[in-house]
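Asks: Mind having a look at this structure? Questions to follow.
The values are calculated or read from the model by the stated rules, or taken from the named source; none is laboratory data. Quick caveat: nothing in here was measured; it's all calculated off a predicted structure. As a convention, Cβ positions derive from the backbone with ideal geometry for all residues, glycine included, and neighbour counts pool all protein chains shown.
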Amino acid sequence: MFLFRRRAVAYLRSESARRFAVALTLLAVLIVAARQPPVAIDRWTAIATLDCKRFVFYWSSMLLGASPFLVAGAIAATVAARLEARSVFSRWQRLVTTAFALLFPGCDCSMNAYAGALRGRHPAIVACALVWGSCCNPVALVCTARILGTHLLGLRMIVGLAIALLTAVSWSFCKNARDETICHTQHAWWEQFVGYTGDGLSSFARAAAVSCLILVTAPRLLAVLHGPLMAAVAGALISPCSSADALLAAILFRSRPEQLVFVIAAQCLDIRQLVLFTRLYGAANAMRASAAALVGCTIGYILAIA
Amino acid sequence: MPQRWLVVRLDTYLPSRDRSAWCAGLGGFILAVLALHISSTLVSIAPVLLSVVAAVLAGASLRGAYTRTSLGWLIVGALFAMTLPNFVDSLGPAVVTHATANISHDDLIAALEQLDDNPAGLVGHRLAVRGRWRGQTAQAAATVSERIMACCAADAVNVGFDVFPIAHVNAPDRSYVSVSGIVRAFLRGGETRYALVDARVTSVSEGSSGGK
């Protein structure tokens with residue numbers, strides 16, 4: 001006679017079983033903690049408290065810093081959606097809204113709210129718009145030129161274009177490029193605005209939380225910033241705004257190729273971008289975009305050292 | 001559909017109530033941050049712009065169909081802001097002892113720029129700079145630095161010098177000081193760092209300029 005006739009995880013489908021598993025886990029943690037000497041617990045508590053404090057501070061600062069750009073992106077998305085619903089631009093409406101994403105003079109944070117306005121487009125066009133708008137928006141280009149110089153500015157544009165095209169190609173040939181339509185058009189304009197803002201804010205907040213968690217729990221990583229691989233990892237984890245990545249690159253790295261890799265990874269390989277892609281187009285396409293970004297970082301490093 | 005053992009769900013479609021809650025919560029948070037005058041420690045954005053953003057978020061979320069829910073989350077956001085600490089030291093290397101161009105005309109930054117361009121011109125010479133003081137800890141030497149924040153506190157970096165004072169310093173951490181010492185270069189962890197040795201540290205008021 002078999003005691004368990006189903007696979008183990010099947011028993012966790014019921015709500016009571018899940019609660020029992022959580023309670024059991026908590027009890028085990030308490031038992032392990034109780035066996036530790038008080039000095040170790042005090043030291044761990046002090047460290048954990050400081051880490052929590054730092055996490056909350058950084059997460060709050062990221063939300064606060066991104067709020068104007070999220071609101072601006074949501075306003076632009078609302079306007080675009082309303083115009084599209086009324087067919088103001090008729091044949092050119094989609095081209096206009098897509099071009100707006102390419103030239104949107106805000107931070108990459110605004111893409112979290114504006115990306116919903118690109119519904120219904122071909123995945124390749126959306127990929128180009130989102131990647132280029134995040135990596136090579138006017139603010140990012142101006143900051144790069146001012147801080148890192150025109151040579152790295154040119155390389156940033158070349159690599160950004162390469163990543164956008166690679167992402168577009170990879171999404172075009174894959175059948176499961178999800179085109180999620182966020183249906184706000186039937187509501188009043190302020191409800192549409194709240195819809196775009198709420199979606200973008202929830203996406204950004206989760207990505208920022210992951211980024212802050214990594215920053216707080218792996219501080220030693222930032223103390224060993226050498227080499228292109230570390231530059232890419234630092235850029236992906238720190239995930240600064242496109243207006244701040246040039247400054248951080250100049251301060252944290254002395255080598256020009258590493259600075260380029262950092263700024264590219266900070267916009268094309270960062271957690272925020274991945275969460276945005278996953279939310280709207282699925283994990284598979286997000287992974288393809290990440291692969292394209294890695295290829296782009298490699299190309300950029302080779303071009304910079306040449 | 002095949003069974004999935006691990007599903008990471010990123011909700012594409014939030015309920016309208018949740019969207020309003022997010023907007024109202026952020027609006028209340030920004031209003032409280034402005035009221036507590038701690039926005040400058042969190043971001044480098046002008047308070048006027050933040051107040052406009054808060055008004056837009058609060059107004060739009062309260063105008064919808066979930067007014068009561070939005071009001072509740074607006075209060076929650078404000079209460080959350082009240083739990084924030086006044087200041088948290090920047091993450092990463094304690095102090096970075098090299099600068100970047102076109103950032104600031106501060107004397108400390110200018111000195112670091114000169115060191116980056118021509119170290120021999122300053123190393124071995126006496127230098128006076130002004131910045132924020134942080135006393136010696138078990139992990140790092142005392143430092144005088146300026147905080148450079150391009151966007152938000154999570155991106156902020158401290159830039160300055162290590163300091164080895166000639167006598168005990170009573171200045172509290174994060175107070176504004178003037179440090180005069182001899183510039184020395186040394187290696188730590190494979191990186192060249194610059195320090196002010198035999199330094200004299202005096203507390204000053206903010207906003208005054210320094211020199212060599």
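Asks: Mind checking which residues of region A:108-159 are in contact with an Asp or Glu (Cβ under 9 Å, 6 or more places away or on another chain), small (Gly, Ala, Ser) and without any contact (Cβ under 8 Å) to a residue 60 or more places away in the chain?
Replies: Result: A:Gly133, single match.
Asks: So B:Ala141 clears everything in (1) within 17 Å of the chain's Cα centre (by Cα); (2) under 15 Å from B:Ala199 (Cβ atoms) except one condition, right? Which one?
Replies: (1)
Asks: So which residues in region B:32-58 are modelled with pLDDT under 90 and under 13 Å from B:Ser20 (Cα atoms), if there are any at all?
Replies: none
Asks: Let me ask something else. Those residues that are more than 10 Å from every other protein chain (Cβ to nearest Cβ), surrounded by fewer than 19 Cβ atoms within 10 Å (Cβ to Cβ) and not aliphatic (A, V, I, L, M), I need them from region B:28-47; list them, please.
Replies: Passing the criteria: B:His37, B:Ser40, B:Pro47.
Asks: For region A:107-126, which residues satisfy the criterion of being within 16 Å of A:Ser170 (Cα to Cα) and buried (at least 24 other Cβ atoms within 10 Å of the Cβ)? Spell out the reasoning first.
Replies: Filtering region A:107-126 for residues within 16 Å of A:Ser170 (Cα to Cα) gives A:121-126.
The answer is A:Val126, and nothing else.
Asks: To continue, here is another question. Out of region B:66-95, which residues are modelled with pLDDT under 80, surrounded by 14 or more Cβ atoms within 10 Å (Cβ to Cβ) and facing chain A (nearest Cβ under 8 Å)?
Replies: Within region B:66-95, B:Val88, B:Leu91, B:Gly92, B:Pro93 qualify.
Asks: I've got another one for you. Taking region A:269-306 only, how many residues are buried (at least 22 other Cβ atoms within 10 Å of the Cβ), touching a residue at least 40 places away in the same chain (Cβ under 8 Å) and not in a helix (DSSP H, G or I)?
Replies: Residues that pass the stated criteria total 1.
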